[in-house]
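Participant: Quick one: the structure is below, questions incoming.
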Amino acid sequence: MSSSTPHQFDLLILGATALTAEASRPEIRDAAIGIQGGRIAWLDSAPPEHWQATRTLHLPDHFVTPGFVNVHTHSILSMVRGVAADLGFAPSYTPGIPKGTQVNAQQARALARLGALEALLQGSTLVGDNFVHADVGTEAMAELGLRLAPSWRIHDVDFARVAHGDWCYDAAIGSATLGAGLALHERWKDHPRVRVNLAAHAVDTCSDGFLREVAAAAEAHGLRVSTHLGQSKVEVDRVRERTGKTSTEALLDAGLLNERLMGGHCIYVSESDARKMAEAGAHAVHIPKCNAASGRMAPTPMLKRMGVNMALATDTQHADMVELMRWALATARVQEGGVSDEWQPAHVFHMATLGGARALGQQDDIGSLAVGKAADLVVFDARRPHLRPHVNPVGLLVHTGQGRDVRMVVVEGEVLVEDGLPTRVDMETVCAEAEAAARELWGAEGRHYWR
């Protein structure tokens with residue numbers, strides 16, 4: 001391009017502070033961010049000398065970040081939000097509340113859209129969602145336009161009996177759930193914003209032989225595997241009783257402990273487990289708010305020292321990745337007993353962006369603001385009282401920011417949230433449909449909370 005030929009942009013953002021998540025240039029004040037063809041075509045402290053843009057936004061006193069990569073969620077479980085966290089460590093194991101096995105396809109669609117919309121409105125441009133009815137759930141979430149890393153909940157335990165303390169493995173259940181997971185991959189393999197993974201629920205809910213089947217399928221199709229790893233004492237004790245090993249060791253024996261594995265929670269992992277994870281290139285998915293709400297903390301300082309890549313995820317209680325960064329930082333410092341250079345806002349910001357992208361194998365395309373990468377970004381309105389002064393924008397965002405400060409969300413150059421509202425769906429309709437589904441499910445449990 002000659003010096004006199006204008007640069008062409010679909011969207012040009014001027015005047016904001018760009019928080020890039022790139023170590024070489026983490027912050028650009030008064031930035032110019034040019035988007036063309038769904039990619040970041042310009043990123044600097046000033047626009048090119050000659051330019052033309054279809055749309056130009058002047059956004060002084062705003063922060064622009066990469067889209068958050070929220071790798072472990074169960075959007076349908078928004079139906080038990082505000083209740084399950086106060087009853088037990090996980091809804092699937094807790095009696096007296098609606099279960100995934102009770103959800104029908106229509107209810108799943110409504111609840112999945114609610115959970116995904118909440119995540120999108122608060123800055124998640126990618127959601128790694130897995131649960132029942134992943135076929136209709138993925139369809140529903142894809143309508144919003146965000147990136148997805150979905151899966152069926154894959155297991156061979158009979159979940160209808162787990163809440164009553166009965167772990168019964170059934171090969172027919174395993175065949176059905178793994179088959180559904182592979183069918184989901186086949187359905188979405190050519191979609192630019194959807195990359196299916198296989199979510200082997202947990203080591204205690206998957207038999208040893210079934211874990212090996214999942215490993216073989218993941219290898220054959222080149223798929224990521226998501227699982228709950230060391231999430232409960234129940235899991236640890238049952239796996240130890242069954243195999244004589246830790247959950248991490250059982251995954252290693254099954255051929256699943258490798259660079260494609262994402263282990264959610266990682267509360268009950270030893271230094272030996274963490275060392276094996278780091279050596280294998282496996283990823284820890286930190287879920288600090290859910291963990292802390294159940295009275296527990298994952299040993300993230302130890303995991304970090306061992307060299308394990310860590311991503312962040314909201315799981316079931318909420319979808320605010322900004323709040324989650326704050327929990328991740330605070331719980332690490334509580335364990336360390338103070339403030340250190342090892343746990344600063346930039347570290348948890350990395351976990352929420354590039355750490356998650358790396359866990360999904362997409363770090364070359366998303367997770368940071370850089371020329372050539374996908375134009376997945378979030379605009380925060382930093383004119384608000386709790387976001388002043390702008391001395392250290394990353395620190396400000398982590399310590400006092402909220403997902404509700406998001407003004408705009410862009411995925412692959414497409415504006416999906418404008419002035420805090422979704423552009424592809426009607427928010428009131430999504431909320432009303434999800435509320436109706438929740439009332440049906442809670443009503444079946446004999447709890448008519450709306451009366």
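Values in this text are rule-based calculations from the coordinates and carry no lab data. Just so it is clear, the structure is predicted and the values come from calculations on it, not from any experiment. FYI the Cβ positions are ideal-geometry reconstructions off the backbone, even for glycines, and counts take in every protein chain you see.
Participant: Dipole size in debye (nearest 20) for segment 68-359 around its Cα centre, Lys and Arg Cβ +1, Asp and Glu Cβ -1?
Facilitator: That gives a dipole near 380 debye.
Participant: OK, next. Roughly how far apart, in whole Å, are the Cα centres of segment 357-393 and segment 197-237?
Facilitator: 31 Å
Participant: Just subtract the alpha-carbon distance of Asn392 and Asp253 from 0.36 nm times their residue separation and send over the number in nm, one decimal. Don't skip to the answer; put the middle values down first.
Facilitator: On the way: separation 139, 0.36 × 139 = 50.04 nm, distance 4.58 nm.
That pair, Asn392 and Asp253, stretches by 45.5 nm at full extension.
Participant: Highest mean first, what order results for 262-271, 223-232, 25-34, 136-145 on Cβ atoms within 10 Å?
Facilitator: Listed from highest to lowest mean packing, they are 223-232, 262-271, 136-145, 25-34.
Participant: Can you give the FRET efficiency to the nearest 0.05 for Arg439 and Asp30, using r as the Cβ-Cβ distance and R₀ = 51 Å? Mind showing how you got there, number by number?
Facilitator: Details: r = 50 Å, r/R0 = 0.97.
So, using R0 = 51 Å, E works out to roughly 0.55.
Participant: Next up: Compute, for segment 56-146, the length of the dipole vector about the Cα centre, with Cβ point charges of +1 (Lys, Arg) and -1 (Asp, Glu) only. Units Debye, rounded to 20.
Facilitator: Result for segment 56-146 is approximately 220 debye, rounded to the nearest 20.
Participant: Here's another thing I want to ask about it. Among DSSP beta bridges lying fully in the chain, give the percent that are antiparallel, nearest 5.
Facilitator: 45 percent
Participant: Regarding segment 294-356, what whole-number volume in Å³ per residue does the convex hull of its Cα atoms give?
Facilitator: In segment 294-356, the Cα hull volume divided by residue count equals 86 Å³.
Participant: Could you tell me the ratio Rg/Rh of segment 89-213? Both radii from Cα atoms, Rh via Kirkwood.
Facilitator: 0.98
Participant: With r as the distance between the Cβ atoms of Glu271 and His58 and R0 = 51 Å, compute the FRET efficiency 1/(1 + (r/R0)^6) and round to 0.05. List each step's numbers first, then the result.
Facilitator: Values: r = 51 Å, r/R0 = 1.00.
Computed FRET efficiency for His58 and Glu271: 0.50.
Participant: Helix-only estimate, please: 222 nm mean residue ellipticity of the chain, summing -39500 (n - 2.57) across DSSP H runs of length 4 or more and dividing by its residues, to the nearest 500.
Facilitator: Values: 15 runs with 156 residues, N = 451.
Calculated at 222 nm, the ellipticity per residue is -10500 deg cm²/dmol.
Participant: So for segment 383-447, Kirkwood radius off the Cα pairs, Stokes-Einstein at 37 °C and 0.692 mPa s: how many µm² s⁻¹?
Facilitator: 220 µm²/s
Participant: For the chain, with the dipole built from +1 on Lys and Arg beta-carbon atoms and -1 on Asp and Glu ones, taken about the Cα centre, which of Ala180, Ala85, Leu377 lies farthest toward the positive end?
Facilitator: Ala85
Participant: In the chain, what is the count of Lys pairs whose alpha carbons are under 25 Å apart, counting only pairs at least 8 residues apart or on separate chains?
Facilitator: 11
Participant: I would also like to ask the following. Would you please state which residues of segment 174-190 a label at Asp158 would reach in this model, taking the label point 7 Å out along Cα→Cβ and a backbone N cut-off of under 14 Å?
Facilitator: Within reach of a label on Asp158, which here means backbone N under 14 Å from a point 7 Å along Cα→Cβ, segment 174-190 contributes 174.
Participant: What does the highest-first list of 328-336, 406-414 look like by mean Cβ count within 10 Å?
Facilitator: 406-414, 328-336
Participant: Starting from the Kirkwood Rh over alpha-carbon pairs, what translational D in µm² s⁻¹ does segment 230-299 have by Stokes-Einstein at 37 °C and 0.692 mPa s?
Facilitator: Answer from the Stokes-Einstein relation: 269 µm²/s.
Participant: Pulled fully out, how much extra length does the chain show between Asp364 and Gln335, if you take 0.36 nm times their separation in residues and subtract their Cα-Cα distance? Walk me through the numbers on the way to the answer.
Facilitator: Numbers: separation 29, 0.36 × 29 = 10.44 nm, distance 3.25 nm.
7.2 nm is the gain from fully extending Asp364 to Gln335.
Participant: Still on this structure, please answer the following. Go from 0 up to the bin containing the longest alpha carbon distance in the chain, width 10 Å each, and give me the % of pairs per bin.
Facilitator: Histogram of Cα-Cα distances, whole percents per bin: 5, 22, 32, 25, 12, 3, 1, 0.
Participant: I would also like to ask the following. Does segment 270-400 classify as rounded, prolate or oblate by the C-alpha gyration tensor (a ≥ b ≥ c root eigenvalues; a/c under 1.5 gives rounded; else a/b over b/c gives prolate, otherwise oblate)?
Facilitator: Note, shape of segment 270-400 comes out oblate.
Participant: Moving on. Taking the number of other C-beta atoms within 10 Å as the exposure measure, put Phe159, Phe9, Phe380 in order starting with the fewest.
Facilitator: Listed from fewest to most nearby Cβ atoms, that is Phe159, Phe9, Phe380.
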